[in-house]
Amino acid sequence: MSAMQPHAELILDGTKLGWHLERVRAWERGERVAPITVDMALTRACNYACHFCYAMLQENERHQMTGPVVEAFLTDAAAIGVRGVSLVSDGESTLSPVFVDAVVRGSELGLSMACGTNGLVLTPSKLERVLPHLTYLRVNISAGEPERYAQIMGVKAEWFERVCDNIRHMVRIKQERGLGVTIGLQMVLMPDYADQVLPLARLGQQLRPDYLVIKHCSDDEDGRLGVDYGAYEKLSGLLRQAESLSDGEYRVIVKWSKIEAGTRRSYQRCYGPPFLLQISGSGLVAPCGMLFNERYEKLHIGNICEQRFAEIFASERYWQVMRHLASSRFNAQKMCGSLCLQHKVNEALDAHRKGRLPLAEPVGPAPAHLDFV
């Protein structure tokens, strides 16, 4: 039985910004608000070579995220008012020697901690240590069959079963210890992977995580990953069929709004980074992951391997960049890649600022994972 409370609905295709109106109002008054969520990696390294990987487009000068660097960051994040830290971003954080300690320490400091991973090195001993301290653990797995897994994820076919075993251990540990952590699977869907939608949804039925989310594939403004967004339209029936495999304890969730949006943005100003900031596995602090690459150096803010995060946050440089993105000098429709992490936050804030759909106090029970907007 899932330990997640029945009323704690998952919002995976939207934003929880409405539950943080005090910070939105402070931002509107011109106050310097701390991010609600920081999405980061503990390393740029990865043991996979996924064909859909956006991290290949995010290269920047690498620094080592040591234990003292991560400890200082987490301490500063908690002190300035960050609510949640998701270890996702542009590297495989489970490869870092400080991964377990970072999760535990962040939790001890009162931060909600989460992780996105390929799951390969998450052995039962590591899972026993980190699962009590995680809000969610999401395994990126874009195929439901070993050979296709190897082709799509760029690894050996036998790794597929190792990852499946680790997922089984996650579910077992959660159930045996009555933990509240949400365990999810994620498929980054490129149209070429359509043959794996149903096998993966059925695999989820067997492994019993809380959910499988099927999402779009982001591309940069130059289209270097070659995502054919027009082809998504032909997959609607298949995706509905996958959703129908949900049951009372396992859900298949499709990020319809982003899949249907494709490369279209309804907004030009980028308001999201003050609320949802990203940090590279190199320590680079930038407004978002799409701006990690060295060619966007003019929008880079600092590096936590060289300077305390609290100092970076308080610097004029930090707020200069944030103001620039929200100004008429920046146009997200022309200067950004597709479907960024801040997309839903941007949509909500843009509609709010223009009076089309003002943010208001939400009615009803709060959803799960409030600290991850």
Nearest-0.05 FRET efficiency for Glu233 and Arg162, computed from C-beta distance (R0 56 Å): 0.95
Distance from segment 108-151 to segment 45-107 (C-alpha centre basis), Å: 14 Å
Where only alpha carbons of the chain are counted, the Rg and the Dmax (Å): 19.5, 55
Residue among Gly355, Val252, Phe292 farthest towards the positive dipole end of segment 241-373, charges placed on Cβ: Gly355
Electrostatic dipole magnitude of segment 143-214 [Cβ: Lys, Arg +1; Asp, Glu -1; Cα centre; debye, to 20]: 340 debye
Largest-first ordering by accessible area, 1.4 Å probe, given options Ile80, Ile301: Ile80, Ile301
Ratio of Rg to Rh over segment 291-369 (Cα coordinates, Kirkwood Rh, two decimals): 1.04
Residues whose placed amide H lies under 5 Å from that of Ile279, excluding near-sequence neighbours: Asp39, Met40, Ala41
Charge dipole (debye, nearest 20) of segment 41-178; +1 at Cβ of Lys and Arg, -1 at Cβ of Asp and Glu: 320 debye
Calculated [θ] (222 nm, deg cm²/dmol) that DSSP helices of n ≥ 4 give over the chain, each run adding -39,500 (n - 2.57): -9500 deg cm²/dmol
Where Lys334, Lys156 fall by accessible area, highest first, once all protein chains stay in place (1.4 Å): Lys334, Lys156
Estimated dipole of the chain in Debye, rounded to 20 [Cβ of Lys and Arg +1, of Asp and Glu -1, Cα centre]: 700 debye
Span per principal axis, largest first, for the Cα atoms of segment 74-168 (Å): 47, 25, 20
Average accessible surface area per residue within segment 226-288, 1.4 Å rolling probe, Å²: 38 Å²
Heavy atoms of Lys255: accessible area, 1.4 Å probe, square angstrom to 10: 40 Å²
Lone cysteines, the chain (no partner Cβ under 4.7 Å): Cys46, Cys115, Cys164, Cys217, Cys270, Cys288, Cys305, Cys336, Cys340
Listed peptides 157-165, 282-290, 177-185 by packing density, highest first (mean Cβ within 10 Å): 282-290, 177-185, 157-165
Shape box of segment 216-341 [Cα atoms, principal axes, largest first, Å]: 50, 35, 23
Amide H partners (placed H, <5 Å) of Asn303, local residues excluded: Val285
Positive-pole candidate from Ala72, Leu95, Cys164, dipole of the chain, charges at beta carbon: Ala72
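The values are calculated or read from the model by the stated rules, or taken from the named source; none is laboratory data. Just so you know, these numbers come straight off a predicted model, no measurement behind them. Note: ideal-geometry Cβ built from the backbone for every residue, glycine included; neighbour counts use all protein chains shown. For accessibility, only protein heavy atoms count, side chains too; no ligands or nucleic acids. Shrake-Rupley method; radii C 1.70, N 1.55, O 1.52, S 1.80 Å.
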